[in-house]
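The values are calculated or read from the model by the stated rules, or taken from the named source; none is laboratory data. Being a predicted model, the structure only gives us computed values, none of them experimental. We place every Cβ from the backbone using ideal geometry, glycine too, and count neighbours over all the protein chains shown.
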Ligand SMILES: Nc1ncnc2c1ncn2[C@@H]1O[C@H](COP(=O)(O)OP(=O)(O)O)[C@@H](O)[C@H]1O
Ligand SMILES: [Mg+2]
């Protein structure tokens, strides 16, 4: 039996269920934050009151890791590690989810692999916040929550908005140079990588500088050049992802990778394709490695 860890039964989960079923695989959904584990000589997982022996689980697809206390988030990741310790394929793998769920770690990994990524300063020392902000001379400064996604909680710090949203940031300030498109357009690209190949791509044109589909960006089919494909593949390799959604922006110095998502949404991307099914491609790769 295959598991999908998901918090909602929406479009993405339905796409995955259909793809499993098209491959004649039994699949069930589970909420990770309602799951329990039994660590004894017969390791088991419990959801909706049912105890499942790990040998009955063929693999787990992770569609979401809910926020929570540090203890809860650790425990949810521990559940994924628990499955992997018993040779169950977790997709995306737990380590890459850990590396990418936190924007600080992603930035450090991309930078260490010499992949162009925006200049970023991070502090939890409020006294350094002003000092670091002042280092952005000549560019605007973007402040992001380190556990953010879908463009939530991003803001530009400038003379009109001196103070970041302290409450939402939980005392970690991630400040990044604002990348301006050479033609001043609100455009970036999402490249979707599976098993180190770019299988789909789109241009996202935002209504504001935040180009996420969840913010109403317009999606268009896009044929990336070799340089962009290499950036996406190198980023995916640097983070050890089975599949990923890589965000690339263009500014005066060239392309820059702003994010590597281990749990990307793909509804916007799917909408620009008639001839391929992204969920099918992911599940086919997942089944290949889970045997
Ligand atoms: N450094 C930046 N300069 C300009 N725009 C940015 C920058 N970083 C992010 N953005 C815009 O904000 C969007 C969301 O940022 P991202 O880092 O991908 O966070 P999220 O996890 O919320 O998607 C990007 O798709 C892009 O449109
Ligand atoms: Mg993004």
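Testing residue 163 on (1) within 16 Å of ligand 2 (Cβ to nearest atom); (2) assigned to a loop (DSSP other than H, G, I, E, B); (3) out of contact with any strand residue (DSSP E or B) (no Cβ under 7 Å at 6 or more places or on another chain), one condition comes back false. Which one is that? For residue 163, the failing item is (1).
Here residue 159 meets each of (1) more than 22 Å from residue 255 (Cα to Cα); (2) surrounded by 18 or more Cβ atoms within 10 Å (Cβ to Cβ) with one exception, condition (2). Only one of the numbered conditions (1) within 19 Å of residue 263 (Cα to Cα); (2) away from ligand 2 (no atom under 16 Å from the Cβ); (3) out of contact with any strand residue (DSSP E or B) (no Cβ under 9 Å at 6 or more places or on another chain) is violated by residue 214, and that is (2). In the range 41-64 there is at least one residue matching the filter, namely being under 15 Å from residue 147 (Cβ atoms) and surrounded by 12 or more Cβ atoms within 10 Å (Cβ to Cβ). Looking only at residues in the range 176-198 that are under 21 Å from residue 105 (Cα atoms) and in a strand (DSSP E or B), which one is farthest from ligand 2 (Cβ to nearest atom)? Here the residue is 177.
Residue count for the range 233-272, restricted to those that are away from ligand 2 (no atom under 16 Å from the Cβ), surrounded by fewer than 16 Cβ atoms within 10 Å (Cβ to Cβ) and closer than 19 Å to residue 217 by Cβ: 2. When the residues of the range 201-217 are filtered to those that are assigned to a strand (DSSP E or B) and over 16 Å from the mean Cα position of the chain (by Cα), the one that is surrounded by the fewest Cβ atoms within 10 Å (Cβ to Cβ) is 205. Any idea which residue in the range 218-235 is farthest from the chain's Cα centre (by Cα), counting only those that are under 24 Å from residue 104 (Cβ atoms) and within 15 Å of ligand 1 (Cβ to nearest atom)? That would be 231.
Comparison of 117, 106 shows that the only residue that is in a helix (DSSP H, G or I) and either assigned by TED's automatic domain parsing to the domain that holds residue 60 or at pLDDT 95 or above (or both) is 106. Counting the residues of the range 129-155 that are away from ligand 2 (no atom under 16 Å from the Cβ) and either touching a residue at least 40 places away in the same chain (Cβ under 8 Å) or part of a loop (DSSP other than H, G, I, E, B) (or both) gives 9. If you go through the range 236-249 and keep only what is in a strand (DSSP E or B) and either away from ligand 1 (no atom under 11 Å from the Cβ) or in contact with a helix residue (DSSP H, G or I) (Cβ under 9 Å, 6 or more places away or on another chain) (or both), you end up with 243, 244, 245, 246, 248.
For residue 90, the conditions (1) surrounded by fewer than 19 Cβ atoms within 10 Å (Cβ to Cβ); (2) touching a residue at least 12 places away in the same chain (Cβ under 8 Å) all hold with the exception of (1).
Taking the stated definitions as given, is residue 146 under 20 Å from residue 244 (Cα atoms) and within 21 Å of the chain's Cα centre (by Cα)? Answer is yes for this residue.
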